[in-house]
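The values are calculated or read from the model by the stated rules, or taken from the named source; none is laboratory data. Nothing here was measured: the structure is a model prediction, and the numbers come from that model. Ideal geometry is used to build each Cβ from the backbone, glycine not excepted, and the neighbour counts take in all protein chains shown.
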Amino acid sequence: MIMQRFAQAALLFICAGCANLGTGGFAPGTTTEADVRAKLGEPGMSWTEPDGGRLLEYSGQPNGTFCHMILIGPDGRLREIRQAFTEANFRRVVPGLARDQVRRLLGRPEETLRFHLKPDEEVWTWRIDETTEKYDYFNAYFGSDGRLLRSERMVVYKASGPSFF
C-alpha cells in the first residue's frame, strides 16, 4: 500500500513537470537571453523580430499542453513570456497563412500527418488541453502550396470505466 501511494505521488510529480516549463523566476527587463537558454535549453525555433529582438519557442508538445513564446528585446533582455495556446491566437489562424506563420503563432505541433486519400493535404495537430475526461486538440490543414486551408478544434473523450491506478 505504501509503495502504491509512493508510485502515485511520483507519477503526479512527473506529470506536474510536463504541464509547466519552469519559467518562474524570470523577470522582464532583468532576465537575459543567456539566462533563459541556461535554464530552458535551446529553443525549438527562434525568429528575428523587426526591432532586432528575438522570439524563442519553448513547446511542451507532444506531452504538454503549452507552448511558451519568449520575447527577447534587442538589448538581449526578456520582454515578455506568452502562452501560445490562447483563444486570440487560435482566431489568428486563418486560411491563407503559411506554415511558418502558423508555427510562429502556435509553436511546434504535436504531430504532422498526411492521409492516403488526401495526399496533397498536411495536417498539424496540437494538444492544447487535457482533463481527466477529455483531450482538446487544435488542427491546421495545409494545402500542397503550404498555405492554410482551414482549422478546427476537436475534443476526444477518454474511455470511461474502472481505473486501474
Just checking, which of ALA27, ALA38, ALA34, ALA88 is under 25 Å from SER151 (Cα atoms) and small (Gly, Ala, Ser)? ALA88
Working carefully through the options PHE115, PHE138, PHE142, PHE90, find the one that is in contact (Cβ under 8 Å) with a residue 40 or more places away in the chain, over 23 Å from HIS68 (Cα atoms) and not assigned by TED's automatic domain parsing to the domain that holds HIS68. PHE142
Could you please let me know if PRO162 is assigned to a strand (DSSP E or B), exposed (fewer than 12 other Cβ atoms within 10 Å of the Cβ) and at pLDDT below 95? no
Could you identify the single residue in GLY73, GLY96, GLY64 that is outside the structural domain of GLY53 (by TED's automatic domain parsing) and of a type in the set (Gly, Ala, Ser)? GLY96
Among strands (runs of 3 or more DSSP E) entirely within the range 86-144, at least 3 residues that are within 24 Å of GLU49 (Cα to Cα) occur in none
